[in-house]
Amino acid sequence: MSGTTPPRAGGHRTGRAGPAPVTARASALHAGAWWIWALGLATAASRTTNPLLLGLLVAVAGYVVAARRTDAPWARSYGAFLKLGLAVIAIRLVFAIVLGSPIPGTHILVTLPEVPLPDWAKGVRIGGRVAAEGLVFALYDGLKLATLLICVGAANALANPARLLKSLPAALYEAGVAIVVAMTFAPNLVADVQRLRAARRLRGRPDRGLKALLQVGLPVLEGALERSVALAAAMDARGYGRSAEVPRAVRHTTTALTLGGLLGVCAGTYGLLADQGAGYGLAVLVAGLAAALAGLWLGGRRSVRTRYRPDRWGTRAWLVSGSGAAVAALTIWASSYAPQALHPPAVPLTSPELPLWPAASILLGLLPAFVAPRPVGPSTHPSHSEENR
């Protein structure tokens, strides 16, 4: 073993540095940057039904996750979101076959037995003719929703939820704890199921089927209960819910600014994501953000909690979040000059084409795979030892 230098605790390696640093607590990317990047890809997915562009978005998200995710429990949830996306597409197609589609079609694939319904259910049918145009429309619609879920799954796999909670404003700390607990429930559940299935395989017992699922369910629920009790004790020890006294006028002003700002953000985001309303959406979004930030700043005066070793928003975080924002902005702009390319029609049946410039803008989302810090190996991963301090 002479001649080799083991890596230091924290993930730093000796020797020549690569193009991206190894992920350590001091150099790890800000968790909020990953969420901004993923939401940018999701915004782009919401503006198109072109299956080629949606598939490109899924490929970009998957490549970045494969290149930059760690071995932490929450990083293993990306596969579950992929399976959920496939299930969404299958359910959407089944609904289109059984309940029909509003898209008229002339290419009849099969005719199912139709169930007669009363007059008050006019407009709804069960069975009947299944047209290819309706299935293509359902496929595009289901693929769009599946891509949104996969983009959110990419954020869950890349961002450390505990560090994201530390970065929230003081006014949102209590709500942030509840959100983080909800966000980490599914990844921890997936990790528990995988661990218990591996244990059953090592013991020579079947890990598939209804019987195996029932036998695995009880230990999974027991583990979830133990985590809940430990979390409650940790929250109480850290002074969860304790606040300082502030004047009543400041509390009312904070509430009005925060609620009004969040409503403005929702209305502005809806205007930007909708096909119509981009003219007023940006102005409402900016005004809502300004009001919400002012309310959060005032609300932070109630918090008596200090922040230990806060995460820094560095150059790499700007590049990662900026790449996601650029993908969203360029796709929204493309919907104004190439609407047919972003929304290929299902009637008449035509093969979708890959538009050059929207596809090139989506490829900007690959930037985090090259500028974000590289994950460390299992032996030097700092998340299991430091994130709960």
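Data for the structure
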| quantity | calculated |
| --- | --- |
| D236 vs. criteria in contact with a helix residue (DSSP H, G or I) (Cβ under 7 Å, 6 or more places away or on another chain), surrounded by 10 or more Cβ atoms within 10 Å (Cβ to Cβ) and either of a type in the set (D, E, K, R) or at pLDDT below 70 (or both) | no |
| Filtered residues of the stretch 136-189 (kept if hydrophobic (A, V, I, L, M, F, W, C), modelled with pLDDT under 70 and not in a helix (DSSP H, G or I)) | L168 |
| Close pairs from the stretch 190-209: first part of a loop (DSSP other than H, G, I, E, B), partner not charged (D, E, K, R), Cβ under 7 Å, at least 6 apart | P206/A212 |
| Matching residues, the stretch 215-229, being open to solvent by 90 Å² or more (accessible area, probe 1.4 Å) and β-branched (V, I, T) | V229 |
| A24 modelled with pLDDT under 55, surrounded by fewer than 22 Cβ atoms within 10 Å (Cβ to Cβ) and in contact with a Gly (Cβ under 6 Å, 6 or more places away or on another chain) | yes |
| Set T269, T258: member being modelled with pLDDT of 80 or more and under 29 Å from the mean Cα position of the chain (by Cα) | T258 |
| Selection from the stretch 62-93 of residues that are open to solvent by less than 50 Å² (accessible area, probe 1.4 Å), under 26 Å from L135 (Cα atoms) and β-branched (V, I, T) | V88, I89 |
| Checking S351 against (1) of a type in the set (G, A, S); (2) more than 26 Å from V64 (Cα to Cα); (3) not in a loop (DSSP other than H, G, I, E, B), the condition it does not meet | (3) |
| Hits in the stretch 114-167 - residues which are of a type in the set (V, I, T) and either more than 31 Å from the chain's Cα centre (by Cα) or crowded, with 21+ Cβ neighbours inside 10 Å (or both) | V115, V124, I126, V130, V136, T147, I150 |
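The values are calculated or read from the model by the stated rules, or taken from the named source; none is laboratory data. Bear in mind that the values here come from a model prediction, so they are computed numbers and not experimental data. Cβ sites come from the backbone with ideal geometry, for glycine too, and all protein chains shown count toward neighbours. Side chains are part of the model used for accessible areas, which takes the heavy atoms of the whole protein and leaves out ligands, DNA and RNA. Shrake-Rupley method; radii C 1.70, N 1.55, O 1.52, S 1.80 Å.
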